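Here, each number is a calculation from the coordinates, and none is a lab measurement. For clarity, every value in this text was computed on a predicted model and none was experimentally measured. Quick reminder, even Gly has a Cβ in these numbers, built from the backbone with ideal geometry, and neighbours come from all protein chains shown.
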Amino acid sequence: MTKRIIGLTGGIATGKTTVANYLANAYHLPILDADIYARDAVCVGSPILDAIASHYGEQILLANGDLNRQKLGEIIFHNPEERFWIENLIHPYVRDRFQGEISTSTAKTLVLVVPLLFEAGMTDLVTEIWVVYCSEQQQLERLMQRNNLTLEQAQARIHSQMSITEKAARADVILDNSSTLEALLKQVDAALTEMPFKSIL
């Protein structure tokens, strides 16, 4: 069976989750989320978490043994070399999880939500790429409000990723999330029903 596999990406705080939730609720499409797999990769007792603790020391862990994500974030969002080291641990795990789900799913259309679709080199997993877009100023405002970050912290997170304009240039579909929710969802409807897709098989 030829599957339609939508790679949903964009910058941080551009609205990927909003689009994914709409596709799940309105169209009942299976949503495979890279962030969920990445959290699974560092669960207590996992070899990846053990490697992180060995690299940074026990202070990178919370009292219950979980990863201290806030502390790790402060390290990797200000140090590209450390970010690449972490990503090289986690991305292969995430790719394996995606490939397993794609191969076993009976759905004709799947949605892969991958914030780092381009950066992680996972574009080969999908048949089309949707980029959720808004201005960097809107990203900053949304991210600061959502995560209670300072301007500097929000900028560091945004600039750790490929620019949203570069992602948009590589997209098959650009979903402009700079105005209203209704306008965004109309674009999703159109992309889902009108976008021709190509097989990766």
What do you get for the angle between helix 16-27 and the principal long axis of the chain? Use alpha-carbon atoms, 0 to 90 degrees, nearest ten.
50 degrees
Determine the sum of side-chain charges near A191: Lys and Arg each +1, Asp and Glu each -1, restricted to other residues whose C-beta is under 11 angstrom from that of A191.
-3
Enter the Cα centre distance for the pair region 150-166 and region 34-93, rounded to the nearest angstrom.
20 Å
How much net charge surrounds K108 when only the other residues with a Cβ under 14 Å from the Cβ of K108 are counted, with Lys and Arg +1 and Asp and Glu -1?
+1
Gain in span if fully extended, R146 to Q99, counting 0.36 nm per residue against the direct Cα distance
13.8 nm
When the convex hull of the C-alpha atoms of the chain is computed, what volume per residue in Å³ does it have?
128 Å³
Ranked on Cβ counts within 10 Å of their own Cβ, fewest leading, C134, C43 go C43, C134
By Cβ neighbour count within 10 Å, fewest first, E166, E87 rank E166, E87
Compute the convex hull volume of the Cα atoms of region 1-92, divide it by the residue count, and report the result per residue in Å³ as a whole number.
146 Å³
Provide the gained length on full extension for the span T106 to R69, in nm with one decimal, where the gain is 0.36 nm per separating residue minus the Cα-Cα distance.
9.9 nm
With Cα coordinates, the longest principal axis of the chain makes an angle with the long axis of helix 47-56, in degrees rounded to 10, of 50 degrees
How large is the Kirkwood hydrodynamic radius of region 1-40, in angstrom, based on all distinct alpha carbon pairs?
11.4 Å
Hey, what angle do you get for helix 80-104 against the long axis of the chain, alpha-carbon based, 0 to 90 degrees rounded to 10?
50 degrees
Test of understanding: ordering M144, M122 by Cβ neighbours within 10 Å, fewest first, what list do you get?
M144, M122
Under 16 Å from K108, Cα to Cα: lysines that are on another chain or at least 8 residues apart
K3, K198
Tell me, what is the FRET efficiency for V44 and S179 to the nearest 0.05, using R0 = 45 angstrom and their Cβ-Cβ distance as r?
0.60
Under the rule of -39500 (n - 2.57) per DSSP H run of 4 or more residues, summed and divided by the residues of the chain, what mean residue ellipticity at 222 nm is obtained, to the nearest 500 deg cm²/dmol?
-16000 deg cm²/dmol
Nonlocal amide H pairs with A13, under 5 Å, H built at 1.01 Å:
none
Summing Lys, Arg as +1 and Asp, Glu as -1, what charge do residues with Cβ under 12 Å from the Cβ of R83 carry, R83 excluded?
-4
